[in-house]
1. Which value, in debye to the nearest 20, describes the size of the charge dipole of the range 92-198 about its Cα centre when Lys and Arg Cβ atoms bear +1, Asp and Glu Cβ atoms bear -1, and nothing else is charged?
2. In whole angstrom, note down how far apart the Cα centers of the range 136-166 and the range 1-79 are.
3. Full-extension gain between Ile183 and Lys60, please, as 0.36 nm times their residue separation minus the C-alpha to C-alpha distance.
4. Could you give the length gained on full extension between Glu139 and Leu28, defined as 0.36 nm per residue of separation minus the Cα-Cα distance, in nm?
5. Can you bin the range 7-165 into rounded, prolate or oblate? Criterion: square roots of the alpha carbon gyration tensor eigenvalues sorted a ≥ b ≥ c, rounded for a/c under 1.5, prolate for a/b above b/c, oblate for the rest.
6. Set the Förster radius R0 to 25 Å, insert the Cβ-Cβ distance between Asn191 and Lys132 as r into 1/(1 + (r/R0)^6), and round the FRET efficiency to 0.05.
Amino acid sequence: MPTIKIQAIQTALVGDWERAIDLNQLILQEEPDDIDTLNRLAFAFLSSGNPKDAKNLYEKVLLLDMQNPIAIRNLKRLHDVNTRKTSITINNLFIEEPGKTKVMDLINIADKKVITHLRSGERLDLRIKRNKIFAYDLENQFIGMLPDDLCQRLIKFMEAGNEYEAYVRTVDSNKVSIFIREIKRVKKFKNQPSFVSGSDKPKLSFPSTANGKSKSQRDGDSSDDDE
């Protein structure tokens, strides 16, 4: 049933978990031991706030394939005490807070064969390297990079002690959109939001000179320090 499988994958990529559950259950009626479908259905249950059914499905996957990395990884998450206490429902995950959250597209993304395995709500690890911020999945595979303008701002905050978490939001064949949330802000930056919109950036003004032209008019555009 390739058509239904494609639909099941697409609904998961956009976070339509109710539809994803229906489609994957339909596939399992014909192919009850299809490992990929079992993993997709388990993740859909987990993402929609039903960890018990997700756990049962991942355990079934391990009975069929005891080395299956997806099932192993997600069962570990389910068994983690902190994960259980802070169980994430995807419907509530992407709640935006001005200054504390941001949705963005990664740049220089990985090959299609890597990103097609991502799922909406999957946790990503952000790492600073060479004055850039790289995003990796939980299997340590490179996924993409944050845009340069945002890197400059976040690196300053991260090196001072601010903490952030990132999740896959949506995926298609050539784009990965992620959701970043500030989870800790150090006192040094207590009044500085992690993320600002273009309209929120402070505007620099310059005094007029004798000929009536400001310094910015004479010199052209001035760089805007995002500090």
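Coordinate-derived values only; no laboratory data. What you see is a predicted model; the values in this text were computed from it and never measured. So basically every Cβ, Gly included, is an ideal-geometry build from the backbone, and we count neighbours across all protein chains shown.
1. Details: 20 positive and 15 negative charges, 83 e Å.
Charge dipole, the range 92-198, about its Cα centre: 400 debye, nearest 20.
2. Using only Cα atoms, the two centres lie 29 Å from each other.
3. Working: separation 123, 0.36 × 123 = 44.28 nm, distance 3.49 nm.
Using 0.36 nm per residue and subtracting the Cα-Cα distance, I get 40.8 nm.
4. Working: separation 111, 0.36 × 111 = 39.96 nm, distance 2.69 nm.
Between Glu139 and Leu28, full extension yields 37.3 nm more.
5. Numbers: a/c = 1.97, a/b = 1.86, b/c = 1.06.
It comes out prolate by the Cα gyration axes.
6. Details: r = 27 Å, r/R0 = 1.07.
The pair Asn191/Lys132 has a calculated efficiency of 0.40.
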